[in-house]
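Just so it is clear, none of the values below were taken in a lab; they were calculated from the coordinates. Being a predicted model, the structure only gives us computed values, none of them experimental. Here Cβ is always computed from backbone atoms with ideal geometry, including for glycine, and neighbour counts include all displayed protein chains.
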Amino acid sequence: MDDEQRKTFIIGGVILLLCFVLLIICCGRDNKSSGNSEKEIKSLDGKTFKKEPKKNNHSNYQSTSSSSSSSSYYSSSTTNKKKSSSKSQINDEQRKRILAFQEKARKEQQEWIKEHIKNLIENPNTPAKIKIKAQLMENKNYVTAYKAHKNHDFKLAISSYLEVLNDKNISPETQYITVEYLLDCAQFTGDLDLFLKMIKIKGDLMATKDLSVLNVEKSDSYLKWTEEFTDYMKARSDPTYKDKLINEFAKRTLRNRSDAERVLNDRIVMYENLYKDLLKL
């Protein structure tokens with residue numbers, strides 16, 4: 001081995017030794033630094049303090065989030081309750097104002113109607129038919145009956161209309177109009193007795209009273225029809241009354257009894273069907 005090779009070998013060995021020493025030193029420092037980081041950290045001013053173990057950020061977030069959510073819900077709930085309470089109070093106040101306004105308007109309307117009716121009745125130029133209707137609107141029983149009739153409360157309507165008819169001071173025109181409404185009630189309820197009573201009163205009025213203001217012609221033809229209708233409707237349920245009608249009809253038409261009975265039975269059926277057609281059930 002010449003001098004040149006010897007020098008190269010020595011230099012390489014020294015370099016390897018230095019690298020090995022440096023490696024040992026670096027590993028030692030890392031271990032020392034790692035151990036100290038777990039126990040103590042030296043601050044810039046020379047003081048030391050223990051490093052706290054890391055907290056679970058996820059758990060902390062959940063706790064904070066839950067607390068925040070609970071606080072937010074409570075705040076929101078309280079606000080909603082206040083808004084709801086305020087809204088309810090406003091609605092109550094508005095409702096009171098509306099009711100008060102409606103009551104005031106109703107009273108004013110009633111006063112206007114009373115004054116208007118009074119003027120119509122007292123005015124000599126008011127047409128007779130309109131004056132009759134105005135007089136009816138002053139009759140409390142009629143007003144009650146009319147409202148009940150309109151609402152299909154026929155029991156109240158019939159009793160109130162009958163109260164109107166029981167007044168001896170009412171005009172024939174008022175009687176006629178009231179009877180017409182009672183006939184309508186009888187047709188709606190299927191009250192045959194009421195129907196027969198009303199057509200009799202109507203027939204009497206048409207035969208004896210001047211109802212020209214209502215465009216009703218004075219005649220006894222309706223009265224005769226009502227008497228015949230009443231006879232046949234009674235005969236269908238009263239054998240004694242039916243027998244009487246058969247004898248009278250046979251004598252008046254010079255028919256034998258069996259023929260008179262056959263004709264009478266046909267007429268009873270005819271009037272029964274007519275009455276059914278008049279019903280509004």
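Of the listed pairs 251/280; 147/242; 104/133; 202/242; 155/200; 107/150, which have alpha-carbon separations greater than 30 Å here? Before the final figure, lay out each step's value.
Details: 251/280 38 Å; 147/242 40 Å; 104/133 26 Å; 202/242 25 Å; 155/200 21 Å; 107/150 22 Å.
Checking Cα-Cα distances, 251/280; 147/242 exceed 30 Å.
I want the local charge near residue 238. Using Cβ-Cβ distances under 11 Å, sum +1 for each Lys or Arg and -1 for each Asp or Glu among the other residues. Before the final figure, lay out each step's value.
Details: positive: 234, 236, 242, 244; negative: 231, 243.
Here the count lands on +2.
Calculate, for residue 150 and residue 113, the FRET efficiency according to 1/(1 + (r/R0)^6) with r their C-beta to C-beta distance and R0 22 Å; round to the nearest 0.05.
Values: r = 16 Å, r/R0 = 0.74.
The value I calculate is 0.85.
In whole percent, what relative contact order does the stretch 232-281 give with Cα contacts below 8 Å and a gap of six or more residues? Please report the intermediate quantities before stating the final value.
Working: 28 pairs, mean separation 18.0, N = 50.
Dividing the mean separation by the residue count of the stretch 232-281 yields 36 percent.
Over all distinct Cα pairs, what is the inverse of the mean 1/r for the stretch 184-281, reported as the Kirkwood hydrodynamic radius in Å? Please list the in-between numbers first.
Numbers: mean 1/r = 0.0674 Å⁻¹.
Hydrodynamic radius (Kirkwood, Cα only) of the stretch 184-281 equals 14.8 Å.
With a Förster radius of 30 Å, plug the Cβ-Cβ distance of residue 171 and residue 234 into 1/(1 + (r/R0)^6) and report the FRET value to the nearest 0.05.
On the way: r = 31 Å, r/R0 = 1.04.
Step by step, r from the Cβ atoms, then E = 0.45.
Full-extension gain between residue 225 and residue 100, please, as 0.36 nm times their residue separation minus the C-alpha to C-alpha distance. Could you put the intermediate results ahead of the total?
On the way: separation 125, 0.36 × 125 = 45.00 nm, distance 5.52 nm.
Difference between extended and current length: 39.5 nm.
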